[in-house]
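What follows is a set of notes on a single structure, which appears directly below.
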Amino acid sequence: ALAVPDKQVDSVCPYCGVGCQLTYHVKDNRILFVQGRDGPANRERLCVKGRYGFDYAHHPHRLTRPLIRREGVPKTGSFTLDPDRVMDVFREASWDEALAFAGGKLRDLRDRHGRKSLAGFGSAKGSNEEAYLFQKLVRTGFGSNNVDHCTRLCHASSVVALLEGIGSGAVSNPVMDVTKAEVVIVIGANPTVNHPVAATWIKNAARAGTKLIVCDPRRSELARIAHRFLQFKPDTDVALLNAMMNVIVTEDLVDQAFIESRTIGYDELRRNVAAYTPQAMAPICGIDAETIREVARLYATSKASMILWGMGVSQHVHGTDNARCLIALSLMTGQIGRPGTGLHPLRGQNNVQGASDAGLIPMMYPDYQHVSSPAARQRFESAWQLPPGTLDDQPGLTVVEVMHAIESGGIRGMYVMGENPAMSDPDANHARDALAALEHLVVQDIFLTETAYLADVVLPASAFPEKTGSFTNTDRLVQLGRQAIEPPGEAKQDLWIIQELARRLGLDWNYTHVSQVFDEMRRTMPSIAGITWDRLEREHAVTYPCTEEGAPGQPVVFTTDFPREGGRARFVPADIIPADERPDADYPMVLITGRQLEHWHTGSMTRRATVLDAIEPDPVALIHPLDLAAMGLQPGGIVTLESRRGRVSLYARADDGSPRGAVFVPFCYYEAAINRLTNAALDPFAKIPEFKYCAIRVTPG
Ligand code: SF4
């Protein structure tokens with residue numbers, strides 16, 4: 001007989017930044033099915049991940065008791081993880097023993113080697129409250145700002161450019177504003193795969209007459225309905241965007257009144273783009289000069305133009321420069337501050353916006369208050385009841401910098417909550433060696449991930465539907481995720497674990513409900529000061545900035561001024577900087593990494609979701625059919641990809657949307673962990689790695 005749910009719980013999707021609201025239908029502590037709700041971002045829609053990606057929570061691989069590494073079992077970066085043989089490496093422990101060991105050793109390292117010898121990686125999958133408490137633990141318990149999370153790997157460069165240019169790292173307009181735009185540019189993003197419900201609004205807008213311009217080295221499904229598709233050469237974003245700005249300046253399509261009243265630095269930008277004529281840039285970016293002119297005119301002259309971008313823009317050594325160009329385009333044409341205009345970096349994980357807002361980054365306290373600001377330090381010392389001068393005034397290390405610091409002996413202990421750097425970091429072989437070299441690694445997760453495999457202590461945590469918290473989507477919408485089921489075995493809620501570890505480090509914390517953490521956040525974060533927990537319970541979602549209780553929130557910002565000195569935005573010019581590693585005779589092809597529709601990031605959840613795993617069970621490399629033929633390869637055959645840093649073997653899939661000479665591989669497959677090949681070279685401003693470009697060779701078999 002069909003099971004009938006005995007309760008329904010309203011929550012949000014645990015995957016992407018669109019933030020679809022959903023309802024869990026539950027019976028006997030099991031989720032039977034999921035339905036979309038009428039949320040502001042999804043209007044009852046869900047993609048395949050949101051609809052079918054829930055039974056990972058019931059998977060037999062779930063961690064149900066704390067684990068401590070067995071004495072004598074060596075740690076090495078070269079390993080093959082077998083989740084069915086966990087007990088060969090670890091032994092079960094009580095919570096008391098595990099927490100005492102985890103916290104005691106971290107405390108010992110801090111006391112012997114100094115407060116900068118520890119680091120913590122939190123998670124964009126956790127709630128705002130978890131992110132806030134995690135960074136508070138690192139800053140006050142470890143004593144440094146060595147705290148980061150996966151925003152470093154996705155939109156750090158966008159955020160740096162946005163903070164510098166317009167004073168806020170978040171989006172200016174919600175995705176749904178595409179329906180109010182005359183022209184929409186989607187660049188370096190594949191929303192159909194990575195933000196599927198958002199893609200449906202973009203498609204609807206295009207069908208209703210909005211001129212959709214898709215710019216990407218790979219042809220995505222969205223390109224099929226685009227007014228213009230610009231398949232520019234990989235790594236040539238600045239050439240293309242500067243050429244568009246050159247057209248806008250040369251043809252006097254700028255919004256002079258907007259530039260004069262609301263910006264600074266335009267003359268420098270104008271001088272800089274003078275050399276980037278469409279004729280000169282066409283052979284570099286592979287787009288003919290007349291198309292560049294046409295698209296620039298369309299964007300500049302429409303009544304409302306909007307730009308959305310993804311990691312094709314951000315994950316380069318010139319990611320910050322790419323974003324600076326997009327910001328400059330919007331400012332010089334006055335295409336910001338009104339409905340249907342603006343800048344929208346599509347945020348990846350469901351709470352990457354909120355985790356960053358909550359201070360899970362090494363250079364900022366919550367609400368982007370810089371750690372070097374004496375006033376900000378004073379505010380947080382007062383809020384956290386610390387003696388003056390306690391907080392560190394130096395920015396901490398970023399994700400990739402932490403790995404280098406382990407290697408050089410600077411970092412000796414780490415606490416990782418819900419992140420999997422052994423899979424997600426660039427040059428993953430190096431990252432695994434670094435994690436294995438730590439004197440003490442504490443990992444808090446729901447599965448024994450590749451990172452947890454290298455841990456000294458593993459703390460079993462809660463899956464998304466097993467806890468309550470607030471989450472902030474890509475539109476700055478703060479929404480409630482609600483607990484629908486109990487965690488399995490002795491697994492605990494993440495907030496409880498963070499607090500218990502904090503106590504082992506000597507902090508006197510006594511939060512008894514998630515809402516108390518949220519209330520503390522409101523007191524330290526002006527942007528959400530007006531959002532009460534009761535209101536979230538009642539309304540399910542409130543947009544920030546919301547500085548006064550009862551205020552409606554602001555979906556569109558920068559309507560009158562920018563949150564910068566004098567209220568003015570700033571132009572920052574950019575020049576062409578090549579990728580760190582170009583193809584050569586030994587490694588003649590380019591590797592581009594990313595995601596696929598059915599799987600999420602490192603795959604630890606979606607590959608344990610029955611339906612999703614059935615649709616996409618095996619690692620694949622997407623290669624242009626002509627490249628496959630030229631190499632004598634068959635679609636479906638095994639290929640080996642190799643860079644200077646590592647090699648993997650996986651199935652070849654013919655994909656005529658991939659550019660010639662490039663290979664696209666999703667990074668979710670542990671059997672072919674593609675980040676073994678990627679390059680750890682960093683954007684100098686944002687310290688984001690160059691996931692979107694490195695040199696490889698491809699061989700059969
Ligand atoms: Fe979840 Fe994103 Fe899909 Fe919505 S679009 S259901 S938030 S993965």
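The values are calculated or read from the model by the stated rules, or taken from the named source; none is laboratory data. What you are looking at is a predicted structure, and each value in this text was computed from that prediction instead of being measured. Here the Cβ is made from the backbone with ideal geometry for all residues, glycine too, and neighbour counts use every protein chain on show. Side chains are part of the model used for accessible areas, which takes the heavy atoms of the whole protein and leaves out ligands, DNA and RNA. Shrake-Rupley method; radii C 1.70, N 1.55, O 1.52, S 1.80 Å.
Quick rundown of the values:
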read-out: Portion, in percent, of the accessible area of the range 159-262 that falls on carbon or sulfur, probe 1.4 Å; value: 49 percent
read-out: Sequence-distant lysines (8 or more away, or on other chains) whose Cα lies within less than 22 Å of Lys303; value: Lys180, Lys203, Lys211
read-out: Low-density loop cleavage sites - GluC sites (Glu not before Pro) in the range 239-322, where at most 15 other Cβ are within 10 Å (DSSP); value: Glu251
read-out: Cα gyration tensor of the range 350-485 - equivalent ellipsoid semi-axes, whole Å, descending; value: 26, 24, 14
read-out: Rounded to 5, the percent of DSSP beta bridges in the chain classed as antiparallel; value: 50 percent
read-out: The range 235-324, accessible area per residue, ligands and nucleic acids excluded (1.4 Å, Å²); value: 33 Å²
read-out: Compactness of the range 69-167 - radius of gyration and Dmax, Cα, Å; value: 17.7, 54
read-out: Pairwise FRET efficiency - Thr76 versus Ser408, Cβ, R0 = 22 Å, nearest 0.05; value: 0.70
read-out: Equivalent-ellipsoid semi-axes of the range 268-372, from the Cα gyration tensor, Å, largest first; value: 30, 17, 14
read-out: Stretch gain in nm, segment Ala375-Asp84, where the contour uses 0.36 nm per residue and the Cα spacing is subtracted; value: 99.6 nm
read-out: P(r) histogram, all alpha-carbon pairs of the range 31-83 included - 10 Å bins from 0, percent; value: 17, 29, 22, 19, 12, 2
read-out: Estimated inter-spin distance, Glu97 and Glu565, nm [label 7 Å along Cα→Cβ]; value: 5.8 nm
read-out: Segment Leu2-Ala614, length gained on full extension (0.36 nm per residue, minus Cα span); value: 218.1 nm
read-out: Neighbourhood net charge (9 Å Cβ-Cβ; Lys/Arg +1, Asp/Glu -1) for Pro488; value: -2
read-out: Reach of Lys136 by Cα under 25 Å, taken over lysines that are not fewer than 8 positions away in the same chain; value: Lys105, Lys116, Lys125, Lys467, Lys492, Lys687
read-out: Scattering curve values for the range 508-638, log₁₀ I(q)/I(0), Debye with Cα scatterers, q = 0.17, 0.23 Å⁻¹; value: -1.02, -1.27
read-out: The range 617-701: Cα Rg divided by the 2.2 N^0.38 Å rule of thumb; value: 1.10
read-out: Alpha-carbon spread of the range 222-264, three principal axes, descending order, Å; value: 38, 24, 19
read-out: The range 428-467 and the range 278-297: distance between their alpha carbon centers, rounded to Å; value: 47 Å
read-out: The chain - convex hull of alpha carbons, volume per residue in Å³; value: 151 Å³
read-out: Solvent-accessible area, 1.4 Å probe, carbon plus sulfur percent, for the range 330-485; value: 50 percent
read-out: For the range 571-701, accessible area per residue (1.4 Å probe, heavy atoms of protein chains only), Å²; value: 37 Å²
read-out: The range 486-526, accessible surface, carbon-and-sulfur percent (1.4 angstrom probe); value: 46 percent
read-out: Debye, to nearest 20: dipole size of the chain, +1 on Lys, Arg Cβ, -1 on Asp, Glu Cβ; value: 500 debye
read-out: Helical mean residue ellipticity (222 nm; -39500 (n - 2.57) per DSSP H run of 4+; nearest 500) of the chain; value: -8500 deg cm²/dmol
read-out: Magnitude of the charge dipole, the range 229-327, Cβ model with Lys/Arg +1 and Asp/Glu -1, debye to 20; value: 140 debye
